[in-house]
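Undergrad: Dropping a structure here in structure tokens format, bear with me for questions.
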Amino acid sequence: MTTAQAISTQLDEAVPLLEQLSAVLKAEQQALVSQKIDELDSLVRDKLLLLEKLAILEPHILSAMNDDSNSAENSQLAGVAVLLESCRQLNQENNALVVQGIKNIDHSISFLHQVTQTGTVGLYDPSGKTGNQSAKRNLGQA
């Protein structure tokens, strides 16, 4: 088998892996949006397994990118590049969702910490206006 054939075979192997990775990233995004945290563990494991397999193929893909001599490989490489870009975009979107979720959690913790420290919380009065009224709340007590 020639080097060109070996690279072509490696690119052929990369396509279904990238398609699977794209599907996992889409499922991960759905789990993040719908806040189904229990699904994320298996999705992250699947994603890591696919990334490990793709890491083995990475040198061959990089070699193909640097070699402009074979037009058949170029069309294969273009398909791989499209899939890689799609996966990159999905991963970026998922990262933004995670970062926003962390910000929301931090804000909630900060608010709860403030309330427990000051013992006050903005409550609505009968006229509909808010004000800091003492509302001692002991979390964990019924």
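The values are calculated or read from the model by the stated rules, or taken from the named source; none is laboratory data. Everything numeric here is computed off the predicted structure, so don't read it as measured data. A quick note on method: Cβ atoms are made from the backbone with ideal geometry, for glycine too, and the neighbour counts reach across all protein chains shown.
Undergrad: Identify, please: which residue in the stretch 28-53 is surrounded by fewer than 18 Cβ atoms within 10 Å (Cβ to Cβ), touching a helix residue (DSSP H, G or I) at 6+ places or on another chain (Cβ under 6 Å) and modelled with pLDDT of 95 or more and is, among those, nearest to Gln89 (Cα to Cα)?
TA: Once the filter is applied, the top-ranked residue is Gln29.
Undergrad: Mind checking which residues of the stretch 8-31 are aliphatic (A, V, I, L, M) and farther than 15 Å from Leu54 by Cβ?
TA: Answer for the stretch 8-31, where residues must be aliphatic (A, V, I, L, M) and farther than 15 Å from Leu54 by Cβ: Ala27, Ala31.
Table: residues versus (1) surrounded by 11 or more Cβ atoms within 10 Å (Cβ to Cβ); (2) assigned to a helix (DSSP H, G or I); (3) at pLDDT below 95.
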residue	(1), (2), (3)
Leu57	yes, yes, yes
Leu62	no, yes, yes
Glu73	yes, yes, yes
Ala78	no, yes, yes
Leu84	yes, yes, yes
Glu93	yes, yes, no
Val98	yes, yes, yes
Asn104	no, yes, yes
